[in-house]
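Before any comments, here is the structure.
Only the coordinates and a few stated rules stand behind these numbers; no lab work does. Fair warning: this is a prediction, and the values are worked out from it, not measured in the lab. Positions of Cβ are backbone-derived with ideal geometry, glycine not excepted, and every protein chain shown enters the neighbour counts.
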Amino acid sequence: MPEFCPKCGAMVPDGTERCPQCGARLRGRVMDERTGFTWDDFRTYALGTWFYVGLAIVIPVLLTLLCLLLYLRG
Ligand SMILES: [Zn+2]
């Protein structure tokens, strides 16, 4: 079900966070009124950070396991 931007009236797809026409926020609680930073933004950035932290941990562990496997196989 499409939604309409309250600011410019443009039709936007359901679930859109920002109006593609004027950039107005359509959903999400605003953490900081001045910058328009929302909890959704915070969660997105946090997930991105954890993703890279996860990669930084997982890749060396996998490499170590691979080396160990090759070593054990002689
Ligand atoms: Zn708009």
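For the reader, a short list of remarks on this structure follows.
- Distance (nanometres) between label positions extended 7 Å along Cα→Cβ at Leu70 and Cys8: 5.4
- Rg over Rh [alpha-carbon atoms, Kirkwood Rh] for the chain: 1.36
- Calculated [222 nm] ellipticity per residue, helices only, for the chain: -17000 deg cm²/dmol; basis is -39500 (n - 2.57) per DSSP H run with n ≥ 4, divided by all residues, nearest 500.
- For the chain, taking a cut-off of 4.7 Å between Cβ atoms, the unpaired cysteines are Cys67.
- Folded to 0 to 90 degrees: helix 39-72 orientation relative to the chain principal axis, Cα: 10
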